[in-house]
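Working notes, structure below.
The values are calculated or read from the model by the stated rules, or taken from the named source; none is laboratory data. Note that the structure is predicted; figures quoted are calculated from it, not measured. Cβ atoms come from the backbone with ideal geometry, glycine included; neighbour counts cover every protein chain shown.
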Amino acid sequence: MRINQQITIVVAVFTATILISKPLSAQQPNAEQILTKFESVINAPKDQDLKAKLVLIDSKGNEKERTITMLQKGDDTRLVRFLTPADQRGIGFLGLPNDVQYIYLPAFKKVRRIASHVKNQKFAGTDFTYDDMGTLKYSDDYNPKLVETTEDHYVLGLTPKEGKRKDYGKLKIWVRKDIFYPVKTEFYDKAGKLWKVMERRNIESISKYWVAKEVEMKDLKDEHSTKMILSEIKFDSKLSDDVFTERNLEKF
């Protein structure tokens, strides 16, 4: 065997050995792994007790402010309640497992279940729909695909799973590589036109959990946006399951 052939074989074997022994953690994760990882990051706390200011901004730049409390347990249970202004005080939203949602309107003094066909409607004048309020695990409703990799982000494309009724035809999500935190989401309608854009900003590590202290949802069709700015943050407060009930939703 010639010397050049021997060298070629040795190099090939050495290269193959490196590839085989390369740990999985050093390889680029696939779409499913990225989606699972970022969901575990945003839903990492056992429970969350948050207070936030909402700023609603119209096409002319006029602003209206609201304050809310938001309680969350795990990745499939959430209660949101308005504190101000006075005419919206007490309005509440309850999201439960299996896509079950309820709303409480003080004017009617009654809890009502939110039907599937109205989950695309905006919640209390904000740019978040009922579906947006209840979506804590995209993997339940969407199939992911890795569409782009940049220096700092993985970019996922999500399309609804067969049989899942969604008003969005596609989502595009930018996930930070270093901490697997989603920083930007584009929402497309069923015709493929960009509809809304959500950005998470001021991302900090608080009590060992990553959290965005400001979230903005822009509705490009309505030329309207809603900013949610966190003012109080508590994690792992051992919230009781009794908090997340229809009965508690109407208490204020």
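Structural remarks
- Search result, residues across the stretch 89-123 that are under 19 Å from the mean Cα position of the chain (by Cα) and either assigned to a loop (DSSP other than H, G, I, E, B) or closer than 16 Å to Val243 by Cα (or both): Phe93, Leu94, Gly95, Leu96, Pro97, Val100, Gln101, Lys119, Asn120, Gln121, Phe123
- Restricting the stretch 124-148 to residues that are of a type in the set (S, T, N, Q) and under 14 Å from the mean Cα position of the chain (by Cα) leaves a set whose member that is nearest to Asp75 (Cα to Cα) is Thr135.
- One residue stands out in the stretch 70-88 among those that are of a type in the set (D, E, K, R) and more than 15 Å from the chain's Cα centre (by Cα): the one that is modelled with the highest pLDDT, namely Arg81.
- Verdict on Lys166 being assigned to a strand (DSSP E or B) and either within 15 Å of the chain's Cα centre (by Cα) or closer than 19 Å to Asp76 by Cβ (or both): no
- Tally, over the stretch 52-88, of residues that are over 22 Å from Lys234 (Cα atoms), assigned to a strand (DSSP E or B) and not acidic (Asp, Glu): 3
- Summed over the stretch 176-227, the residues that are assigned to a loop (DSSP other than H, G, I, E, B) and either aromatic (Phe, Trp, Tyr) or more than 16 Å from Gln48 (Cβ to Cβ) (or both) give a count of 14.
- Answer residue from the stretch 166-182, given it is crowded, with 18+ Cβ neighbours inside 10 Å and among the hydrophobic types (A, V, I, L, M, F, W, C) and is nearest to Ala44 (Cα to Cα) among those: Phe180
- Condition met for Leu136 (in contact with a Leu (Cβ under 8 Å, 6 or more places away or on another chain) and touching a residue at least 24 places away in the same chain (Cβ under 8 Å)): no
- Given (1) outside any helix (DSSP H, G or I); (2) within 16 Å of Phe82 (Cβ to Cβ), index of the condition Leu136 fails: (2)
- Thr159 being under 13 Å from the mean Cα position of the chain (by Cα), of a type in the set (S, T, N, Q) and assigned to a strand (DSSP E or B): no
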